């Protein structure tokens, strides 16, 4: 049985479609604790000491701020059993890789700082974190400016027998990461798309990582957007119409005076 991850309310404008898309949660059979903050939610996996997923929305207002990067990596006090710590990554050779990108929260100082809780980090090879993963994040920012609103869920593919790092905690090192996106267009229509990115398969074309949301569900065991009406959900999650997504879109932060 697939685990239920609901995204109700993540895109407020979708209320016009009379659909109830709520914030995500997962069934208790998933080793997790859901943590809710003002601008994102995540499911923390206590066994693996990384998040199962992080969900947030992205629109043009999020991408026009000037808040500088904080680099305030720190333990997450909301994780009941204790999150990983910055010291767990020391001398590991891995980056403290964001799931919710800090660059998507430049509109608010507290929102920016909150992306640096260790619950939002996973061990990522530097070449991956600063390369293909960063390129995908920038492409999605470009889409966030171009399209009306995006609902995004991102996370690692968690499986048994992953390698581990850690001084105080044993942190699993994922080999693959996913992103799933529902896009609300200016005319109120919706499009869906997924990405699966291996840390060691360096395709240069980001479209090569694109999959249907259904394919991501099959791989992860998660069920995204399942409070949508069944026919809408099926259409969104089974399509991979790359021609409807501008893979040539570019993103540059606006000049800031602060």
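All of the numbers you see were taken from the coordinates with simple rules; none came from a lab. Everything numeric here is computed off the predicted structure, so don't read it as measured data. Quick reminder, even Gly has a Cβ in these numbers, built from the backbone with ideal geometry, and neighbours come from all protein chains shown.
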Separation between Cα centres of the range 129-204 and the range 56-105, rounded to whole Å: 14
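Extension gain residue 250-residue 198, at 0.36 nm per residue separation less the Cα-Cα distance, in nm?
Values: separation 52, 0.36 × 52 = 18.72 nm, distance 2.28 nm.
Gain in length upon complete extension: 16.4 nm.
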Beta bridge orientation in the range 3-244: antiparallel %, DSSP, nearest 5: 90
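For the range 45-114, take the convex hull of the Cα atoms, compute a quarter of its surface area, and give me that in nm², please.
On the way: hull surface 21.6 nm².
Result: 5.4 nm².
Nearest 0.05, what FRET efficiency do residue 227 and residue 90 give at R0 = 45 Å with Cβ-Cβ as r? Could the numbers behind the result be given before it?
Details: r = 42 Å, r/R0 = 0.93.
Efficiency, rounded to the nearest 0.05: 0.60.
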Principal axis dimensions, the range 124-258 - Cα atoms, whole angstrom, descending: 51, 46, 29
Full-extension gain in nm, residue 36 to residue 108, via 0.36 nm per residue minus C-alpha separation: 24.2 nm
Principal semi-axes in Å for the chain [√(5λ), Cα gyration tensor, largest first]: 26, 21, 18
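If you stretched the chain out fully between residue 78 and residue 46, how much longer would it get, using 0.36 nm times the residue separation minus the C-alpha to C-alpha distance? Intermediate values should be presented prior to the final figure.
On the way: separation 32, 0.36 × 32 = 11.52 nm, distance 1.23 nm.
Extra length available between residue 78 and residue 46 comes to 10.3 nm.
Rank-order 52-58, 194-200, 90-96, 110-116 by packing density, defined as the average count of other C-beta atoms within 10 Å over each peptide's residues, highest first. Intermediate results must be reported in sequence, preceding the final value.
Numbers: 52-58: 24.1, 194-200: 18.0, 90-96: 14.1, 110-116: 19.6.
Ranked by mean Cβ neighbours within 10 Å, highest first: 52-58, 110-116, 194-200, 90-96.
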